[in-house]
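One structure below.
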Amino acid sequence: MAEWLRWPVVRQLTGTDPLGRGPAARSRRTDELRARTEDADAVVRSVCPYCAVGCGQRVFARDGAVTQIEGDPDSPISRGRLCPKGSASRELVTSALRQTKIRYRRPHGTGWEDLDLDTALDMIADRVLATRAATWQDADADGRPLRRTMGIASLGGATLDNEENYLMKKLYTALGAIQVENQARI
């Protein structure tokens, strides 16, 4: 068979598919394609991390690597639909540009350096405790008890679920912070 006889437009004009919506539109390459979801060995339900809507996602993985993210049809919020950002969220975990190390730039520094997790967590804890100690208000000018700090605040993200928000609120309350807010309420 001549190569030009396999062209889609020729098959469309000479075959049984004049509108080009069936076999005329298919190629050998099309028939070889497989969905990224077919070979997944795990499917995990998640929530889209982009906004406060909380659209449900189904995350497909093979050998521990994310292969596809789709809308969850069982989600009462999104009913299987995702916006363009949610549809592209697979790139959050698979992009070659994703940062996988802790990066730190010292005050007045011009370059970034890599830190190990323990060092970074120690630095954060030291700064939180120092800020709390430096900004602690035990009482106001009239002697009324305050027991708070105005030097620490929290703005939670929309991707946190109820349990995570509860734990964040408990942590910041225990630290004495009273400025605790969530993006979903703004």
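Each of Y104 and A134 was given a label point 7 Å from its Cα along the Cα-to-Cβ line. The distance between the two points is 1.7 nm.
Please give the net charge around I152, taking every other residue with its beta carbon less than 15 angstrom from that of I152, where Lys and Arg add +1 and Asp and Glu add -1. With Lys, Arg at +1 and Asp, Glu at -1, the net is +4.
In plain terms, the C-alpha convex hull of the stretch 23-74 casts an average shadow of 5.4 nm² when viewed from every direction.
Only helices enter this figure: runs of n ≥ 4 DSSP H residues, each worth -39500 (n - 2.57), summed and divided by the residues of the chain, yield -8000 deg cm²/dmol at 222 nm to the nearest 500. When the Cα positions of Y166, A42, L115 are compared along the charge dipole of the chain, A42 comes out farthest toward the positive end, with charges on each C-beta of Lys, Arg, Asp and Glu. The long axis of helix 117-135 is offset from the longest Cα principal axis of the chain by roughly 40 degrees.
Listed by chain and number, the aspartates and glutamates whose C-alpha is less than 17 Å from the C-alpha of K170, apart from same-chain residues fewer than 8 away, are D161, E181.
For the chain, C51, C83 stand unpaired, since no other cysteine beta carbon lies under 4.7 Å from theirs.
Modelled this way, with points 7 Å down the Cα-to-C-beta line, the labels at R36 and Q183 are 2.2 nm from one another. In a simple Cβ point-charge model (Lys, Arg +1; Asp, Glu -1; nothing else charged), the stretch 84-136 has a dipole of about 320 debye relative to its Cα centre. Summing +1 for each Lys or Arg and -1 for each Asp or Glu among the other residues whose beta-carbon sits under 13 angstrom from that of T135 gives +3. The mean sequence separation of alpha-carbon pairs under 8 Å and at least six residues apart, normalised by the residue count of the chain, gives a relative contact order of 13 percent. Annotation: amide H of T67 within the under-5 Å range of F60, A61, R62, sequence separation 5 or more or interchain, hydrogens built in the peptide plane. For the chain, the Cβ-based charge dipole about the Cα centre amounts to some 620 debye (Lys, Arg positive; Asp, Glu negative; other atoms uncharged).
When the trypsin sites (Lys or Arg not before Pro) in the stretch 49-140 are filtered for DSSP coil states and for at most 16 other beta-carbon atoms within 10 Å of their beta-carbon, the remaining sites are R79, R81, R98, K101, R105.
Once the Cα atoms are used to define both axes, helix 162-175 deviates from the longest principal axis of the chain by about 20 degrees. Taken over the alpha carbons of the stretch 14-145 as equal point scatterers, the Debye sum produces base-10 log I(q)/I(0) values at 0.11, 0.15, 0.16 Å⁻¹ of -0.75, -0.98, -1.01. Here's how it looks for Q57: its modeled amide H is under 5 Å from those of S46, V47, C48, D72, which are all 5 or more places away or on a different chain. Under 5 Å between amide hydrogens, built in the peptide plane, is the criterion, and for N182 it picks out G156 among residues at least 5 positions away or on other chains. Placing unit charges on the Cβ atoms of the charged side chains and taking the dipole of the chain about its Cα centre, the candidate lying farthest along the positive direction among Q12, G86, G54 is Q12. Computed across the stretch 102-185, the Kirkwood radius stands at 15.0 Å (inverse of mean 1/r, all Cα pairs).
Counting only DSSP beta bridges with both residues in the stretch 48-186, what percent are antiparallel, rounded to the nearest 5? Looking only at bridges with both residues in the stretch 48-186, the antiparallel portion is about 70 percent. Among T110, T119, T149, the ranking by other beta carbons within 10 Å of each residue's beta carbon, starting with the fewest, stands as T110, T119, T149.
Each reported figure results from applying straightforward, stated rules to the coordinates on display, with no laboratory input. As the structure is a prediction and not an experimental result, all values here were calculated from the model. Cβ sites come from the backbone with ideal geometry, for glycine too, and all protein chains shown count toward neighbours.
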